[in-house]
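> Have a look at the structure that comes next, please.
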Amino acid sequence: MEQPEGKERFLLEAAAPKQPGPALDSCEASPDEGLIEDLAVVDKKAVEQLTEGLISHYLPDLQRSKLALQELTQNQVVLLDTLEQEISKFKECNSILDINALFSEAKHYHNKLVNIRKEMMMLHEKTSKLKKRALKLQQKRQKEELEREQQREKELEREKQLTAKPARRT
């Protein structure tokens, strides 16, 4: 079997106990008893070396993962900003459509108002003509009545003159 190199050798050496533990007899103790003693034998330097080895082994991958996550987060932020801009464009398009509808409706009602104004002008002209005609008719009737009245007065005067007058006795 080949000897391990590099990190593997370092990990194996750090994990190996410096002092051999007491040999356990199967009758003497349970398998868990030796575990506590073995943990006490592992010194702090070995723990530090194992920790450094573990960190040096996984740290580059973790850093790459962290950078990838940061890039992904930045891309998501850019995507969200782009989506918000697109949503605002759609809202703007909808508001433009609403504005166009309002303008067409305003044009429709403007045309109605123009037609109503024309009708009102026409009705005003007709009423003015009717008032003038009514005034002329009234004046004509008054003139005819005046003429009839004058004719009656003349006839009454004529009748008075034609009526026999009793002679005056002196």
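The values are calculated or read from the model by the stated rules, or taken from the named source; none is laboratory data. These numbers come from a predicted model, not from an experiment. Reconstructed Cβ throughout: ideal geometry from the backbone, glycine too, with neighbour counts over all protein chains shown. Surface accessibility is based on the protein's heavy atoms, side chains included, excluding ligands, DNA and RNA. Shrake-Rupley method; radii C 1.70, N 1.55, O 1.52, S 1.80 Å.
> Among the residues of segment 81-95, is there at least one that is among the aliphatic types (A, V, I, L, M) and open to solvent by 100 Å² or more (accessible area, probe 1.4 Å)?
Within segment 81-95, none of the residues are among the aliphatic types (A, V, I, L, M) and open to solvent by 100 Å² or more (accessible area, probe 1.4 Å).
> Let me ask something additional. Does segment 16-24 include one or more residues that are at pLDDT 65 or above and either surrounded by 11 or more Cβ atoms within 10 Å (Cβ to Cβ) or of a type in the set (Val, Ile, Thr) (or both)?
No - not one qualifying residue is present in segment 16-24.
> Suppose the filter is of a type outside the set (Val, Ile, Thr) and open to solvent by 100 Å² or more (accessible area, probe 1.4 Å); does residue 59 pass it?
no
> Additional query: Pick from 142, 161: which is out of contact with any His (no Cβ under 6 Å at 6 or more places or on another chain) and surrounded by fewer than 10 Cβ atoms within 10 Å (Cβ to Cβ)?
Within the list 142, 161, the selection yields 161.
> Moving on to the next point. Regarding residue 52, is this residue in a helix (DSSP H, G or I), of a type in the set (Asp, Glu) and either open to solvent by 90 Å² or more (accessible area, probe 1.4 Å) or in contact with a Leu (Cβ under 7 Å, 6 or more places away or on another chain) (or both)?
For residue 52, the condition - in a helix (DSSP H, G or I), of a type in the set (Asp, Glu) and either open to solvent by 90 Å² or more (accessible area, probe 1.4 Å) or in contact with a Leu (Cβ under 7 Å, 6 or more places away or on another chain) (or both) - is met.
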